[in-house]
């Protein structure tokens, strides 16, 4: 299982609504994430909008491709795009570049 961490930037003026939306994630979206290999998936949000995502997956590229093929993901990304600083150029899931893991306490 590969551990993946990524960063995104939520618009500071949209933080409360962003948190609210994630307390109400659609059941179909949750199911799609599970079915496409997103395990132990968490999001952490700092008060300036820095969003840190963490997940475990056998293959991050395959997990992302699996979600990209789901209609529910396209709908979710369209709903969430305006929350992010770089919203005009790419959907949030297209901005997820993973960070290099340099240490893990086993």
Practice task
Using only Cα atoms, figure out Rg for the range 33-106 and give it as a multiple of 2.2 N^0.38 Å.
Solution key: 1.17
Handout entry: Candidates 81, 31, 95, ranked by Gaussian network fluctuation over the chain, Cα under 10 Å, top entry
Key = 31
Handout entry: Distance in nm between pseudo-label sites at residue 2 and residue 22 (7 Å out along the Cβ direction from Cα)
Key = 2.2
Fill in the blank from the handout: Counting every C-alpha pair in the range 1-66, the percent lying more than 14 Å apart is 61
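Laboratory data are not the source of any read-out in this text; all were calculated from the coordinates shown. Note that the structure is a prediction, hence the values are computed from the model and not measured. Don't worry about glycine lacking a Cβ; one is built from the backbone with ideal geometry, like all the others, and counts go over all protein chains shown.
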